[in-house]
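Peer 1: Sharing a structure below in structure tokens format, with a few things to ask.
The values are calculated or read from the model by the stated rules, or taken from the named source; none is laboratory data. What you see is a predicted model, and the numbers here were worked out from it, not measured in a lab. In this analysis, Cβ positions are derived from the backbone assuming ideal geometry, glycine residues included, and neighbour counts consider all displayed protein chains. All accessible areas refer to the heavy atoms of the entire protein, side chains included, with ligands and DNA or RNA removed. Shrake-Rupley method; radii C 1.70, N 1.55, O 1.52, S 1.80 Å.
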Amino acid sequence: MKDSNQAVSIKRGAWNYQKKQRPPFLTLFKSSVHCQRFIRAWLTDPVSYALDFFAHFTLKLLPIDVCSNFGGFLGRAVMKYKHKGAVQNIRRNLEILLPELSLEARETILTSNCESLGRLMTEFSVLTRICKDVDRVRVHGIQDVIDAARCVPIILVTLHLGNWEVLSSVSRRVGVPFHTFYLPLDNPVERWVTARVRKKLGATLLPVGMTGVGPALKVLKQGGVVSLFCDEGFAGEIRGPFFGNSVHLKGNLALAVRLARKTGAKLCVVNTLRRHEANFDCYFSPVIELPLQQGSNDRDTLEDVNYLNGFIEPIILDNLDQWYYLHNRL
């Protein structure tokens, strides 16, 4: 892996979310490829969406742990037999990130990661029941964040570990709104389900991409709390944390430090780990303050980004079996 202190990229990253559009009718006659895309978008996908809708409401009838365990079974089976390219990415990433482990140990992590992905999918059906049980969702270290939030705005640097969706219920439990950036899913059923469940749990959602920056700034300038996911997979590639690759300004790590510098906000790293089945521990780190700097140019921002990366990377390395983006390319 590269030395992140030497390999840097100061190219800025800004993007606007655009909803995926289905191909218009005339594309049916352009070529065989366009015809296949049209049929998939207008015929095959709707059938799949209907099955997703049926599955979601059927799974709601199951006991919580049965539903979660069923997802674990599906994750192991579907990932290894249907998504072989993603599984190969996991194997390659584990070889790079954990070279000291034996092949058998890395395969155990791979299986656990596939299982975790499956549990995430089915647990949406029972998530409101999970979050109502305080023994299933235990919270650690949040009092420091609540105390700090009385004085300064807070940016929660959130990670895709365990089942991060339970954090919306933590927001409601402590009476502090977490204004959260969420990327809508392309699948309309999944998009509807996730938005419905998140709102039931008490989530306060911000627009994604650049359209969400203005509202986030407003929240922070009013002394509020903004939650931003700073580990990312973009276009099939891991964009954060860096794992020794080039430090860059393209992702949410850069957005987090820019928002912090602009508003005087402090930061807190948040991660949710699965204890067993559908039981979770939510960890809030001690409040982080960015180091004092003389300037405010891109190279100063790179130093901030690298500093913040130093907090999230070890957490993810210690919990790769539960990390959502492990199947992306390094």
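Peer 1: Where Lys and Arg each count +1 and Asp and Glu each count -1, what net charge lies around residue 212 among other residues with Cβ under 14 Å from its Cβ?
Peer 2: +2
Peer 1: Calculate for the chain the 222 nm mean residue ellipticity that helices alone would give, adding -39,500 (n - 2.57) per DSSP H run of length 4 or more and normalising by residue count, nearest 500 deg cm²/dmol.
Peer 2: Helix-only estimate at 222 nm: -15000 deg cm²/dmol.
Peer 1: What translational diffusion coefficient, in µm²/s and rounded to a whole number, does the Stokes-Einstein relation yield for the range 227-276 at 4 °C and a viscosity of 1.567 mPa s, taking the hydrodynamic radius as the Kirkwood radius over Cα pairs?
Peer 2: 104
Peer 1: Which value, in debye to the nearest 20, gives the size of the charge dipole of the range 102-230 about its Cα centre, when Lys and Arg are +1 and Asp and Glu are -1 at the Cβ? Write out the running numbers ahead of the final one.
Peer 2: Working: 16 positive and 11 negative charges, 135 e Å.
Using Cβ point charges on Lys, Arg, Asp and Glu, the range 102-230 gives about 640 debye.
Peer 1: May I pose another question? Only helices at least 18 Å long along their own axis, judged from Cα atoms, and with Kyte-Doolittle mean hydropathy of -0.5 or greater: name those in the chain from DSSP H.
Peer 2: 45-59, 64-82, 84-97, 103-123, 298-318
Peer 1: Can I ask one more? Sort 79, 121 by heavy-atom solvent-accessible area, probe 1.4 angstrom, most to least.
Peer 2: Numbers: 79 25, 121 105 Å².
Per-residue accessible area, sorted high to low, gives 121, 79.
Peer 1: Given that compact globular proteins tend to follow 2.2 N^0.38 Å, what is the ratio of the alpha-carbon Rg of the range 208-330 to that value?
Peer 2: 1.09
Peer 1: From the mean inverse distance of alpha carbon pairs (Kirkwood) and the Cα radius of gyration, derive Rg over Rh for the range 194-280. Mind showing how you got there, number by number?
Peer 2: Working: Rg = 14.9 Å, Rh = 15.0 Å.
My calculation of the ratio gives 0.99.
Peer 1: Report the local net charge at residue 114: Lys and Arg +1, Asp and Glu -1, summed over other residues whose C-beta lies under 12 Å from its C-beta. Let's see the in-between values first.
Peer 2: On the way: positive: 76, 80, 82, 84, 91, 119; negative: 107, 115, 321.
Computed value for this residue: +3.
Peer 1: Something else: Per residue and in Å³, how big is the convex hull formed by the alpha-carbon atoms of the chain? Intermediate values should be presented prior to the final figure.
Peer 2: Details: hull volume 49.6 nm³, N = 330.
So the per-residue Cα hull volume is 150 Å³.
Peer 1: Holding the Cα-Cα limit at 24 Å, pick out from 80/200; 60/132; 60/200; 221/266; 30/82 the pairs that are longer than that.
Peer 2: Flagged as over cut-off: 80/200; 30/82.
Peer 1: Sticking with this structure for a sec: So what are the three principal axis dimensions of the range 105-229 from its Cα atoms, in whole Å, longest to shortest?
Peer 2: 45, 33, 30
Peer 1: Related question: Using amide H atoms built 1.01 Å from N in the peptide plane, name the residues 5+ places from residue 229, or on other chains, whose amide H lies under 5 Å from its own.
Peer 2: Placed amide hydrogens put 158, 181 under 5 Å from residue 229.
Peer 1: Rg/Rh for the range 124-197: what does it come to with C-alpha atoms and Rh from Kirkwood?
Peer 2: Here Rg/Rh amounts to 0.98.
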